[in-house]
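Step one of this worksheet: look at the structure below.
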Amino acid sequence: MCADQPPLRTEGLSKLTGAERFVDDLAIEGCLWGMTARSPLPRGKIREIRYGNGVDWSEFVVVDHNDIPGPNQIRLLELDQPVLASDQIRHIHEAVVLVAHPSREMCRRAVDQIEIIIDPEPGIFDFRVTPREDQIQHGTDNVLSDLGICKGDVEAALASADHVIEGVYETGAQEHVYIENQGMAAWVDGDVIVVQGSMQCPYYVLNSLTHALDRDESKIRVVQAPTGGGFGGKEDYPSNLAIHAALLAMKAKQPVKIIYDRSEDMAATTKRHPARVRHRTGVTSDGRLVAQDIEMVIDAGAYITLSPVVLSRGIIHAGGPYACDNVRISGRAMLTNSVPYGAFRGFGAPQSLFALERHLDVIARQLGIDPVEIRRRNLVRDGQSTATGQVINDGTDRIELLELAVAQSGYTQKQAAHTEFNASSQFMRRGIGLATFFHGGGFTGSGEDYLKSKLHVLGKPDGSIEILAASTEMGQGAQTIFISLASNRLGLEHSDVVVATPDTFRVPNSGPTVASRTAMVVGRLIERACDDLRKQCGLKDDARGESVRHAIRQWHVTHPGETLLGRAQYERPPHVQWDEKTYKGDAYGTFAWGTYVAEVEIDLRTYQCRVLDFHAVQEVGTVLNETLATGQIQGGVVQGIGWALLEECVMEQGAFKNCQLTNYIIPTAQDVPTIHVTFLENPYEHGGGGSKGIGELPMDGPAPAILNAIADALGIEPNRIPLTPERLMEHVLDDHAC
Amino acid sequence: MPTSVSEAVSMLDTSRGKALPIAGGTDLLAYWPERLDARDKTYLDLSGVDELCGHTWTDDELIMRARTTFWEIVCDQRATAEMRLLVEAARTVGAIQIQTRGTWGGNIVNASPAADGVLALMALDATLELTGVEGTEEVQLDEFYLGYKQMKRREDQLLTRIRIPRRAYTFQSFTKIGTRKAQAITKVGLAIAKSDSGWRIAANSMAPTVKRCPDLERMLEDETPIRNPTDFLPAIRADVSPIDDIRSTAAYREHVMARVLFHELAPLCPWVGAKSKSE
Ligand SMILES: Cc1cc2nc3c(=O)[nH]c(=O)nc-3n(C[C@H](O)[C@H](O)[C@H](O)COP(=O)(O)OP(=O)(O)OC[C@H]3O[C@@H](n4cnc5c(N)ncnc54)[C@H](O)[C@@H]3O)c2cc1C
């Protein structure tokens, strides 16, 4: 196939036919199964661990905190989370003891025989309330992170505004439901410990292993196994699992595999942060935003994990894609004795954008302005700035984008049709709603500077190339995009390009596969490494195709046995200026922009809501592969529909009660409408192939668009998701239509 | 592995309650990989007992043998014509994979308060035949359940046949409210049937067992005027006892049951609906 055509999904056939080998499928000679004994209580001190006599313990390898060679800490942003609890328990399901045995069933029986006796201490489970003295477990107030953004003079602007409108909005936790559960294998190979499993970020795993095992990088090798979905759930947690597997393998001197069951995975691993966002907004009578005073509080759970950066992205997006001169945003991440919350597609932005977009409709209704019009008036124009003072100047016409979504969805015609429908229908109600939003691509602020991602392109003796990157394929199509970018850059056939398996012994650290950064940031590194490869071979910048292949072959003739590498390292685009202390400046190199429109129908007999039609219009830079991009958008919208209407994590003492797929309800194909996807393309010069981030954007728009549609249909102001039928009933119980 | 009912029953008897009959396995094996208690049980495989397969129509009954699958009934045109409730119930069970494997007998003996097959059968006055070493007994389905997962079945007994009277139905309606459209466990379920034998109303997920609703049936027999859904609430509260659980709330369940009843019955019953205001 030629370079101008997008390549077929590289790993598509093996996934389709079941030939792909996930970590659970890997046949590893002499491999034991590993399993975890967990804390039954949310907080307290471990008094004793009893090993019952229902199994013969001599058959088992047992690991506890005493077996950890290095510090008992999982190195991530902070070091507060232990690998295995030694004394203090902070949440239910906290890992305490590990066992390994040739039979998985025997592991289960052994875990069943381990009784962890805890002297309980008072836990805190509601992140919205001020902790009591005896519930404090961090600093003086359980605040794990405290951030703020300030622009202009909010108090003065509120005082002089025509109207000040307030609202409080809440979003619930969400489970990732990746198809493949978490899983990791580890074994000892000479003096090297090898870890292979399902993960998004091999170098995060490596970084945590070197710390806890007290070994340097040359003695630990991390290899990604084909990964069946991540959505952020395999950003940080695989580090915990990798250390666990490695500890068992070291002690057993045999390979060990830990594969979580679905209910264990759902119960013990991270979920989306629950959030509460307050808005106090000053507006003029004609609907212009003059002041936004916003407070965002998130539930971090029992350890810090990634919460400060989730909070950071959350507050940066909290003001939305609007021009407002006076903005104050404060954010807090609160410790609770819940299973730690972690990365999930959108990373704080879906929570804050839900609140904002819902609030904007509340304002519009109070002022008697159409929701489209209030957005038209406030959307940021080129030359205006966001909450952090980032001046937007990308040439994207956000009004045009809004108008396109409005036109395509038949917004205005449907409003009229719904009025008629609702007047004539006894118990069905229809409504339409929208959300306009943005999502910053790549790490926030100086994050990419700190990462300093590296990437290599290897020129092989036969003239073909191999991309060496730590970025992972997890179903989103990263490999396919990489092949496209490299073959386009060098004019090669797709078959001339392969992507190396992410293996820390072979690939440089191109950064984690998160934050919508892979195509945009790492993709750009591919192009630059290709350029460097050309240079290494003595070619001019415009050399393509056979001349490149030929030059690579020739290089090897003149450099026998040597390695030909094109290299690239991240460089901050010159326009990006960020001040981390004041939270001012260019929070992201660029934003993708979206307007989503949802049409809903509510059955007042049952309070069930169905999304009838969905239009997703977005500007994402250059679309590198339309099929994959459409898939990302549709998948994100489905995940958003689930978060908005169905997916409820029922929590008890900080633990997930309905942790089975029978009772945690994600949408099936029957529960979603046709999702119409439209792209506007405005190439971003610093993104791979002109792309901006796309992975997370579609998670931001659906929930507010759907809730706004429900508000439109029923004349209510729901402010909390998931808006299950049970909750909706509380809003409309007295409706006499039925 | 037994090949006849008598063999199976004597094996059950000698196991003294240890062995558990297994038909489609869709209930018994759902948590097989994770649950030790599922592994520790002894199962009596019924897949060789052909006597338990298939369904037949006699002049006055539909007779389903216990291993009849949901799908078998979905495919029977006569069932669609005469006992639509059965077909509609079958179509809501899980999704097609479960419908082709799961059995009516398993649905009954699993005794879930959310069982959809049981709901339809109860509204159609099904009778069960239980066979043990001492012979066969008959039990009315609406008297079969004694409490949550408690039933009138001795451990040596197999459910062999389910008999459903053929009646001229003037109305049948089946409503399943779950959290999504397929693969959903019922939050509120209701089956209504009307024939010469009177009204039958059964509800699932509203009490510790699937249940007939005698007070509601009486209201309909008496043509008690119903002006709005809340008029059903006293009878609903007498008939069933919904709870708050991880799937829904008691308040939602009773309100929605009232509304579904109201809207299902209003087109049919002149005494149900706003039009009865003048009375
Ligand atoms: C994904 C999924 C979705 C589901 N969705 C639904 C749904 O929507 N609605 C619903 O009602 N159910 C649902 N179920 C539950 C299940 O499929 C049904 O209850 C089904 O009818 C069980 O039949 P079975 O033959 O598979 O029973 P089995 O699992 O074989 O047995 C169930 C019970 O019945 C006993 N048993 C079986 N046959 C006999 C017999 N002849 N005599 C005595 N005892 C017997 C067994 O010992 C066991 O206690 C679902 C299950 C799954 C896994």
query = Is it the case that A:Asp397 is among the acidic types (Asp, Glu) and in contact (Cβ under 8 Å) with a residue 24 or more places away in the chain?
reply = no
inquiry  = I'd like the full set of residues that are within 10 Å of the ligand (Cβ to nearest atom) and open to solvent by less than 40 Å² (accessible area, probe 1.4 Å), limited to the stretch B:41-54.
reply    = B:Leu44, B:Leu46, B:Val49, B:Leu52
ask   = Just wondering, is there one or more residues in the stretch A:124-141 that are within 30 Å of A:Lys253 (Cα to Cα) and open to solvent by 60 Å² or more (accessible area, probe 1.4 Å)?
value = no
inquiry  = Residues that are touching a Leu at 6+ places or on another chain (Cβ under 8 Å) and either within 14 Å of chain B (Cβ to nearest Cβ) or within 24 Å of A:Asp397 (Cα to Cα) (or both): does the stretch A:710-718 have at least one?
reply    = no
task = Could you tell me whether A:Gln174 is outside the structural domain of A:Ala37 (by TED's automatic domain parsing) and crowded, with 19+ Cβ neighbours inside 10 Å?
result = yes
inquiry  = Tell me whether the stretch B:177-186 contains one or more residues that are among the hydroxyl-bearing types (Ser, Thr, Tyr) and within 14 Å of chain A (Cβ to nearest Cβ).
reply    = yes
inquiry  = Can you find a residue that is within 14 Å of chain B (Cβ to nearest Cβ), in contact with a helix residue (DSSP H, G or I) (Cβ under 7 Å, 6 or more places away or on another chain) and over 30 Å from A:Ala268 (Cβ atoms) anywhere in the stretch A:720-730?
reply    = yes
Odd one out for A:Tyr204 among (1) in contact with a Gly (Cβ under 8 Å, 6 or more places away or on another chain); (2) crowded, with 18+ Cβ neighbours inside 10 Å = (1)
Members of the stretch B:195-211 that are surrounded by fewer than 21 Cβ atoms within 10 Å (Cβ to Cβ) and either of a type in the set (D, E, K, R) or within 14 Å of chain A (Cβ to nearest Cβ) (or both) = B:Asp196
ask   = Wholly within the stretch A:531-644, which strands (runs of 3 or more DSSP E) include no fewer than the required count, namely at least 1 residues that are within 14 Å of another protein chain (Cβ to nearest Cβ) and hydroxyl-bearing (Ser, Thr, Tyr)?
value = none
Condition broken by B:Asp239, with the remaining ones in (1) open to solvent by 50 Å² or more (accessible area, probe 1.4 Å); (2) farther than 30 Å from B:Arg16 by Cα satisfied = (1)
inquiry  = Quick check on A:Glu180: is it in contact with a Gly (Cβ under 7 Å, 6 or more places away or on another chain) and either surrounded by 20 or more Cβ atoms within 10 Å (Cβ to Cβ) or at pLDDT below 95 (or both)?
reply    = yes
task = Determine whether B:Arg84 is open to solvent by 60 Å² or more (accessible area, probe 1.4 Å) and within 10 Å of the ligand (Cβ to nearest atom).
result = no
query = Which residues, taken from the stretch B:68-123, are of a type in the set (Val, Ile, Thr) and closer than 25 Å to B:Gly147 by Cα?
reply = B:Thr92, B:Val93, B:Thr103, B:Ile108, B:Val109, B:Val118
query = Of the numbered conditions (1) surrounded by fewer than 16 Cβ atoms within 10 Å (Cβ to Cβ); (2) in contact with an Asp or Glu (Cβ under 8 Å, 6 or more places away or on another chain); (3) assigned to a loop (DSSP other than H, G, I, E, B), B:Glu138 satisfies every one except a single condition; which is it?
reply = (3)
query = Of all helices (runs of 4 or more DSSP H) completely enclosed by the stretch A:318-436, which ones contain at least 2 residues that are in contact with a Gly (Cβ under 6 Å, 6 or more places away or on another chain)?
reply = A:349-367, A:371-378
The stretch B:6-28 residues that are farther than 14 Å from B:Arg154 by Cβ, paired with ones that are within 12 Å of the ligand (Cβ to nearest atom) and of a type in the set (D, E, K, R) (beta carbon under 6 Å, 6 or more apart) = B:Ile22/B:Asp45; B:Ala23/B:Arg67; B:Gly24/B:Arg101; B:Thr26/B:Arg101
request  = Please find, within the stretch B:12-28, the residue that is nearest to the ligand (Cβ to nearest atom) out of those that are over 13 Å from B:Ala38 (Cα atoms) and out of contact with any strand residue (DSSP E or B) (no Cβ under 8 Å at 6 or more places or on another chain).
outcome  = B:Gly17
inquiry  = For the structure I just gave you, tell me whether B:Ile177 is within 14 Å of the ligand (Cβ to nearest atom), open to solvent by less than 10 Å² (accessible area, probe 1.4 Å) and under 21 Å from B:Met64 (Cα atoms).
reply    = no
message = Against the conditions (1) open to solvent by less than 20 Å² (accessible area, probe 1.4 Å); (2) under 27 Å from A:Ile298 (Cβ atoms), where does A:Ala110 fall short? Just the number, please.
response = (2)
inquiry  = Looking only at the stretch B:90-109, how many residues end up being within 8 Å of the ligand (Cβ to nearest atom), away from chain A (no Cβ under 14 Å) and open to solvent by less than 50 Å² (accessible area, probe 1.4 Å)?
reply    = 8
request  = Would you mention how many residues in the stretch B:246-279 are modelled with pLDDT of 95 or more, acidic (Asp, Glu) and either part of a loop (DSSP other than H, G, I, E, B) or farther than 30 Å from A:Met651 by Cβ (or both)?
outcome  = 1
Restricting the stretch A:241-264 to residues that are away from chain B (no Cβ under 11 Å) and out of contact with any strand residue (DSSP E or B) (no Cβ under 6 Å at 6 or more places or on another chain), the residue that is least open to solvent (accessible area, probe 1.4 Å) = A:Ile243
ask   = Does the stretch A:679-699 contain at least one residue that is crowded, with 20+ Cβ neighbours inside 10 Å, more than 14 Å from chain B (Cβ to nearest Cβ) and of a type in the set (Asp, Glu)?
value = yes
query = If you take the residues in the stretch B:254-278 that are more than 9 Å from chain A (Cβ to nearest Cβ) and more than 22 Å from B:Gly198 (Cβ to Cβ), which one is least open to solvent (accessible area, probe 1.4 Å)?
reply = B:Glu254
inquiry  = Exactly one condition in (1) out of contact with any strand residue (DSSP E or B) (no Cβ under 9 Å at 6 or more places or on another chain); (2) more than 20 Å from A:Ala161 (Cα to Cα) is false for A:Gly389; which is it?
reply    = (1)
The listed residue being more than 26 Å from A:Leu612 (Cα to Cα), within 16 Å of the ligand (Cβ to nearest atom) and within 16 Å of the chain's Cα centre (by Cα), out of B:Pro165, B:Pro208 = B:Pro208
message = Can you list the helices (runs of 4 or more DSSP H) lying wholly within the stretch A:664-738 that have 3 or more residues being assigned by TED's automatic domain parsing to the domain that holds A:Leu401 and farther than 30 Å from A:Ile526 by Cα?
response = A:702-714, A:725-732
remark   = The residue from B:Ala38, B:Ala66, B:Ala126 that alone is among the small types (Gly, Ala, Ser), more than 6 Å from the ligand (Cβ to nearest atom), open to solvent by less than 20 Å² (accessible area, probe 1.4 Å) and at pLDDT 95 or above is B:Ala126
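The values are calculated or read from the model by the stated rules, or taken from the named source; none is laboratory data. The shown structure was predicted, so the numbers you read here are calculated from the model rather than taken from an experiment. Cβ: placed from backbone, ideal geometry, glycine included. Neighbour counts: every protein chain shown. Accessible surface areas use protein heavy atoms only, side chains included; no ligands, DNA or RNA. Shrake-Rupley method; radii C 1.70, N 1.55, O 1.52, S 1.80 Å.
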